[in-house]
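See structure below.
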Amino acid sequence: MLNINSVCVFCGSKNGKHPIYEESARRLGEIMAERSVSLVYGGGRIGLMGVVSDTILERGGKVVGVLPKFLKDLEVANDKVTELIITNTMHERKNLMFKISDGFVVLPGGLGTLDEILEILTWKQLRLHSKPVVILNVDGYWSPLSDLVNSTIDGDFAHPGVKELFTMVDSVEDVFPFLVNQPNPKDDVLTSHL
């Protein structure tokens, strides 16, 4: 069982069209606050990012926002966070969020969220980390990602073990049980195609 003190949450800077996205973000924030788990996230106060961060802050939890300078105004930086770190680039942002987190949770989001999750999974495949990654498949939102991963396997571009790089769950209540107990992927996830 892993000791999870801080979780990086990748999610949208919009709320999305279905209320269940916002409800799930709020519930995740509640659970994190109950467990005294710090949030590391993109630093905005809008969209699902704002829902998760505000929920944790309202309950006295710790929130660390990481935001590049050029997005500070566009994503409307959350000045209520415990700590707001401004970076020069998106790459610095992702690298810092990675370094200060014990694990990752993915909520619905757009291209930025997709970029973040694919990069963190690629880093895990390359053995740059062994941190757990849980994708919250709210109302089937991330099912196409699962299909895409299966397609890379079926097309012989990836080892079947790449599915071990993350756990996909349907319920917010399942996030932490899988986050703290996620096994490391087998070595052949990397070595099978070298």
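The values are calculated or read from the model by the stated rules, or taken from the named source; none is laboratory data. What you are looking at is a predicted structure, and each value in this text was computed from that prediction instead of being measured. Note that each Cβ is placed from the backbone with ideal geometry, even for glycine, and that neighbours are counted across all protein chains shown. Note: accessible area is taken over every heavy atom of the protein model, side chains too, but ligands, DNA and RNA are not part of it. Shrake-Rupley method; radii C 1.70, N 1.55, O 1.52, S 1.80 Å.
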So in region 61-88, with the set limited to residues that are assigned to a loop (DSSP other than H, G, I, E, B) and open to solvent by less than 70 Å² (accessible area, probe 1.4 Å), which one is nearest to Val180 (Cα to Cα)?
Gly61
Tell me which of these Met97 doesn't satisfy, since it passes every other one: (1) of a type in the set (A, V, I, L, M); (2) out of contact with any Gly (no Cβ under 9 Å at 6 or more places or on another chain); (3) part of a helix (DSSP H, G or I).
(2)
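Among the residues of region 159-179, count how many are open to solvent by 20 Å² or more (accessible area, probe 1.4 Å) and of a type in the set (A, V, I, L, M, F, W, C). Step through it out loud before you land on a result.
Within region 159-179, the first condition is being open to solvent by 20 Å² or more (accessible area, probe 1.4 Å), and the residues that meet it are 159-160, 163-164, 166-168, 170-171, 173-174, 177-178.
Remaining after also requiring of a type in the set (A, V, I, L, M, F, W, C): 166, 168, 178.
Selection size over region 159-179: 3.
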Could you list, in sequence order, the residues of region 112-136 that are free of Cβ contacts under 8 Å to residues at least 60 places away in the same chain, open to solvent by 10 Å² or more (accessible area, probe 1.4 Å) and not in a helix (DSSP H, G or I)?
Leu128, His129, Ser130, Lys131
Since His91 meets every condition but one in (1) touching a residue at least 12 places away in the same chain (Cβ under 8 Å); (2) open to solvent by 20 Å² or more (accessible area, probe 1.4 Å); (3) assigned to a helix (DSSP H, G or I), which condition does it not meet?
(1)
